Amino acid sequence: MATDVARLSFDPARRYRGVVAQQGRVSLEAEANEQRTIDIEEQRAEVIDIVGPVGTPDDGYAVSSGTGFELTIGPGTMYVGGWRVTLAEALGDYHQPDWLDRPRGWKETGREHVLLTVTETDVTAVEDPALYEVALGGPDGAARSRLLQHIERHETDAATCADAIAEDIKHWLQEGLRYDPETAALLSDSRLLVTWEADPAPPDPCEPTSTGGYLGAENQLLRVQLTRIAENGRFDIVWGYDDASFLYRVTADASTNPVLTLDRSPADDFHRPRAGQAVQVLRATAELASTDAQVEGYVAALAGQVGVLTAPYDPDLKTVTFPAPLPSAYTDGDQTPQLYLRVWEEQITDAELGQPIRLGSTGVQVTITADAGGNLHVDDFWCIGVRPSTPTAVYPARLLRTPQPPDGPRQWVAPLAVIEWREREFDILEDCRHPFQPLTELDESGCCTIEVRPSHAADGTLQARIDRAVAGRTIAERGDRVKVCFTPGRYELLRPIILTQRHSNLTLDNCNEAAVLAVRRGSEKAFGHGMIILVDADNITVSGLEFELPQIPAVLARVSGTTGGLLDREAVRGINAEQANRWVSIGVRAINCAVLAVRRCLFRFTVGEHQTEPEDAQTMPRNVFGVGVFAAGGAWGFELTGNRFLHDPTTPVAADGPFHLLVGYLLTQTALSRSGTSVSLGASRLPGLLDAALIAGNEFRGLSAAVLVAAGIGDIRVWDNVVSQCYGGLWFLDAAALFAASKVDPAAPGGGLATAASAGSDSVLLRILVLAMVYPLPDVASRPSRGVLTFTGAALTRLREASNRAEGLVADRFMSRIAGEQPDAPAVATARVAVSPNVLAAWRGLATLNRLDPKLTARAGGEEKSLPAAVGIQRNTVDCAAPDAGPTGFALIFIAAASETGDASVTVTGNRFTSPDTLIVAAVSGAGAASVTGNIVASRGGDSPIALAVLATQAAAITGNVVIGRALLPPRTLPAPLDTWLPFNEISL
């Protein structure tokens, strides 16, 4: 670190741009050094302005697991505090060529914050023999400067980069360092003030007053360095002449007071170590390797073992005797390939803060303090230039005016990652690196954080690039939102795009709407949970992408019953039968995602036979379960706007043979919490919720259902959607009403009507619900999704009893209202497609499980006020038309719990609903308040088709509708002929 220079003249406050040589003047080494420093500091400032305090352009310094508990740091580039550092190849943190004296034995379990620390150092010819010029007899010339890179691992309790760096900042303050986030620098609190030693003799009145000053006879650069700091605040220092540049390579013997043999004789008597002089034994800290990887030298460490010589240097043997034993690591050739000896002038021990310290007979005193009540930092050093011709001046002069920060060591820090070891398994909790794009790759519009290309999908780096783009942010800050732009082209994915909590506040956008997401042939098995998977990721926007949905053999859970469990043998058999020969095709899978927006995307479904792998010759028919956007858990603030969900319906949706179930948007309760090969239902599940949602301007064609929501329902706006050639249209089923209605007896008075106006009569709807509820959650996060409900023994029994009471109450209330509104309602047929016993058994078992929710049970029983359902369905066009004149389902169904408070409301205005072969085209059931106005509803199927049914509502306004078919409407309390809504609507049978 120390070099033989006369002074340090650079001062950034003077804002010099360069050094100008003048003719006939002497050239000083300080001027050349100042010019070098001016250039470096200007370059560093520019890099910080352009890149920021830290950043990587090429995924440099990525953290991954190595062997055992060792970390692997990936190759690449990192900018730290304006410096550019690189790794040519992957580095294991246990064997760092820039940190040979790395401490051992830290805890290798739990959480750690991984950082890159960069330290500036100087290297002389003693350390690098290549700097000697043998042609001139072996003298050395200029020294070199270098940056040392240390990969550090700090124990932490934090799970995020922001929290981890906050913990480190507290730790650094205890070490006397302050972190500057603007420059990534670690700034020391140590300060030093120079004063002059007072004349110990009383002043002679006849003589001029002594002002003190430098008493030496030579121009000198004194170096003062802190070597130890005690807990009580006292400290040790060493100081020396010539910037303490007297450095020698030495070898040590094995004695208690080791004899150190110098590899070269000192240049003269002045440089020979003397008795009473302080010396410091230093380990090699970094390798100096050539291009062919041969190590030719070693950088000496800044800190080491200090001792005071009791005997002088022996010129015959070229030895000195160190006065104390050396630690074993110093004499272990594997840990320390080279030892060095630095010669100081004096060691001063147990010094006190704020008290002047006399530097020998130089006449110079130094007072060391800590800034702002902080702590001293060990190894800090100052360089003090003194001249006998100007004994009362020092260089720099500010050392005489105010306490000054140290000249070194200068350090900078770049956080890399927060990691965790759990049962010897490695996990990255958050990537802390800040990626940036080279200027040549920046989007011209300037609106994108990064751009990705089809080649990034082909080489498997797409996920890593997205991860880098979100690294090092505060995800709670909207200003830290990241936008990833997909350039035009076909992205053949090798694996799904996975977004978790750390990806919150992210937009995936295709500005030109010419980016197609597909699956690379042979990689299909990785996409069983979708092409984009989101788990606990909030404020995500997916915009303008085209999805070619693949077909993947479903790897679903085989359900097994348990003694005393919720599912009987028939239910277990039915669930497993529904999963047989099932292929899945999912675009976006969203688990517990608040404020998710899917805009202007195109989802293309396929159900035809095709090979998934070159060797796959399977030609048997496939049952395809396909979903454009498949959600589970909470979906608050969801937006689905301007999308197209397309399938050419060449195969009957509900005919014999392949039974294809295709849905545009699907949200249900989930009965399984994780993937698995064998799962016993009844232990846990994930409730669903849709609130503050907008579903507008979408096109659905050739599907089983456009939208199916079977969950808790809040505020939903469904506007301006077009549904064509689909089996069913818009299906909204409140969870409390849906699961309670599963116990309605179709044989009871009005029961057939109630069953027909709920999920219980439609085979397609029930099949979708069964598959969706048992579909496992993606296992991509480090911990279970938020909101999972878990049930155990006593609670299970209690909840089962409560749910039985609640379901009976809801069913009775629902049936009594229907009976009151439709006392003479004729018996009605249930479904055009019969519900199979397997499906019905599976559905009833899952309904029992999903009723086990304390809030849901209380809400269904009227004991707890629910989230008020407020659904607006306006200006939609829904034409149910299956190919080959097959059966069709509901164009619209809205069912809410018929509660005493009547807090659910629905507005159905200005829509067109048609279905040629279904019992009920549009059904509104259980709302506290319903407004059905200005709709065209047409049904032409059956002998007595019901086109519009408004059932079990507390208050309703039904006006201006054109109904082709029968209308089942609630009565009015006015006398005839205004005791019915029929005069206010056009009803045509």
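Elements of the type strands (runs of 3 or more DSSP E) sitting completely within segment 372-438 and holding at least 2 residues that are in contact with a helix residue (DSSP H, G or I) (Cβ under 6 Å, 6 or more places away or on another chain) and of a type outside the set (A, V, I, L, M): these cover 425-431.
Determine, yes or no, whether VAL281 is within 48 Å of the chain's Cα centre (by Cα), modelled with pLDDT of 95 or more and more than 22 Å from ALA130 (Cβ to Cβ). Yes. Look at segment 218-262 and say how many of its residues are part of a loop (DSSP other than H, G, I, E, B) and either in contact (Cβ under 8 Å) with a residue 40 or more places away in the chain or within 30 Å of PRO405 (Cβ to Cβ) (or both). Of the residues in that region, 14 qualify.
ALA393 meets the stated requirement of being in contact with a Lys or Arg (Cβ under 8 Å, 6 or more places away or on another chain) and surrounded by fewer than 16 Cβ atoms within 10 Å (Cβ to Cβ). Looking at segment 945-989, none of the strands (runs of 3 or more DSSP E) lying wholly inside it contains 2 or more residues that are in the same structural domain as VAL878 (by TED's automatic domain parsing).
Tally the residues that are buried (at least 19 other Cβ atoms within 10 Å of the Cβ) and either under 24 Å from THR124 (Cα atoms) or among the polar types (S, T, N, Q) (or both), restricting the search to segment 320-336.
Start the filter on segment 320-336 by keeping residues that are buried (at least 19 other Cβ atoms within 10 Å of the Cβ), which leaves 320, 322, 326, 330, 336.
If we keep only those that are either under 24 Å from THR124 (Cα atoms) or among the polar types (S, T, N, Q) (or both) as well, we get 320, 322, 330, 336.
The total comes to 4.
Pairing residues of segment 75-92 that are farther than 13 Å from ASP58 by Cα with residues that are among the aromatic types (Phe, Trp, Tyr), at Cβ distances under 8 Å and at least 6 apart in sequence or on separate chains, gives VAL80/TRP412; GLY81/TRP412; TRP83/TRP412. Residues of segment 603-630 that are outside any loop (DSSP other than H, G, I, E, B), closer than 18 Å to PHE700 by Cβ and modelled with pLDDT under 95: ARG604, VAL624, PHE625, GLY626. Take the conditions (1) part of a helix (DSSP H, G or I); (2) more than 30 Å from ALA166 (Cβ to Cβ); (3) not small (Gly, Ala, Ser); ARG468 misses just one of them, which is (2). Taking segment 178-190 as the range and being surrounded by 15 or more Cβ atoms within 10 Å (Cβ to Cβ) and either farther than 16 Å from LEU116 by Cβ or of a type in the set (Lys, Arg) (or both) as the test, the residues that pass are ARG178, LEU187, SER188, ASP189, SER190.
Counting just the residues of segment 939-955 that are on the phi < 0 side of the Ramachandran plot and surrounded by fewer than 22 Cβ atoms within 10 Å (Cβ to Cβ), which one comes out modelled with the highest pLDDT? Out of the qualifying residues, it is ALA955.
Is it the case that LEU215 is under 21 Å from GLN347 (Cα atoms), modelled with pLDDT of 90 or more and assigned to a strand (DSSP E or B)?
Taking the combined requirement at face value, the residue does not satisfy it.
Whenever a residue of segment 375-386 is over 22 Å from ILE169 (Cα atoms), its partners that are among the aromatic types (Phe, Trp, Tyr) and part of a loop (DSSP other than H, G, I, E, B), lying with C-beta atoms within less than 7 angstrom and at least six residues away or across chains, give the pairs VAL386/TYR214. Within segment 397-421, residues that are outside the structural domain of LEU302 (by TED's automatic domain parsing) reach partners that are surrounded by fewer than 17 Cβ atoms within 10 Å (Cβ to Cβ) and modelled with pLDDT under 95 with beta carbons closer than 6 Å, at six or more positions or on different chains, in the pairs GLU420/ASP427; TRP421/THR109.
Each residue in segment 471-508 was checked for being part of a loop (DSSP other than H, G, I, E, B) and acidic (Asp, Glu), and 1 pass.
One residue is enough: does segment 956-964 have a residue meeting the conditions of a type outside the set (S, T, N, Q), surrounded by fewer than 16 Cβ atoms within 10 Å (Cβ to Cβ), over 46 Å from the mean Cα position of the chain (by Cα) and farther than 22 Å from SER724 by Cα? Within segment 956-964, one or more residues are of a type outside the set (S, T, N, Q), surrounded by fewer than 16 Cβ atoms within 10 Å (Cβ to Cβ), over 46 Å from the mean Cα position of the chain (by Cα) and farther than 22 Å from SER724 by Cα.
Does GLU296 count as in contact with a Pro (Cβ under 6 Å, 6 or more places away or on another chain) and among the acidic types (Asp, Glu)? The answer is no for GLU296.
The rows are residues; the columns are (1) in contact with a Ser or Thr (Cβ under 7 Å, 6 or more places away or on another chain); (2) at pLDDT 95 or above; (3) under 21 Å from GLU152 (Cβ atoms).
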| position | (1), (2), (3) |
| --- | --- |
| GLU31 | no, no, no |
| THR37 | no, no, no |
| GLU46 | no, no, no |
| ASP49 | no, no, no |
| ASP58 | yes, no, no |
| ALA62 | no, no, yes |
| GLY66 | yes, no, yes |
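If you scan segment 120-149, which residues turn out to be more than 22 Å from LEU247 (Cβ to Cβ) and in a strand (DSSP E or B)? GLN149, the sole residue that qualifies.
Candidates ASP4, ASP49: the one that is surrounded by 15 or more Cβ atoms within 10 Å (Cβ to Cβ) and more than 30 Å from ASP292 (Cα to Cα) is ASP4.
Taking LEU339 as the residue in question, decide whether it is aliphatic (A, V, I, L, M), in contact with a helix residue (DSSP H, G or I) (Cβ under 8 Å, 6 or more places away or on another chain) and either in contact (Cβ under 8 Å) with a residue 12 or more places away in the chain or closer than 28 Å to THR124 by Cβ (or both). Yes: the conditions hold for LEU339.
The values are calculated or read from the model by the stated rules, or taken from the named source; none is laboratory data. Nothing here was measured: the structure is a model prediction, and the numbers come from that model. Every residue, glycine among them, receives a Cβ derived from its backbone with ideal geometry; neighbour counts consider all protein chains shown.
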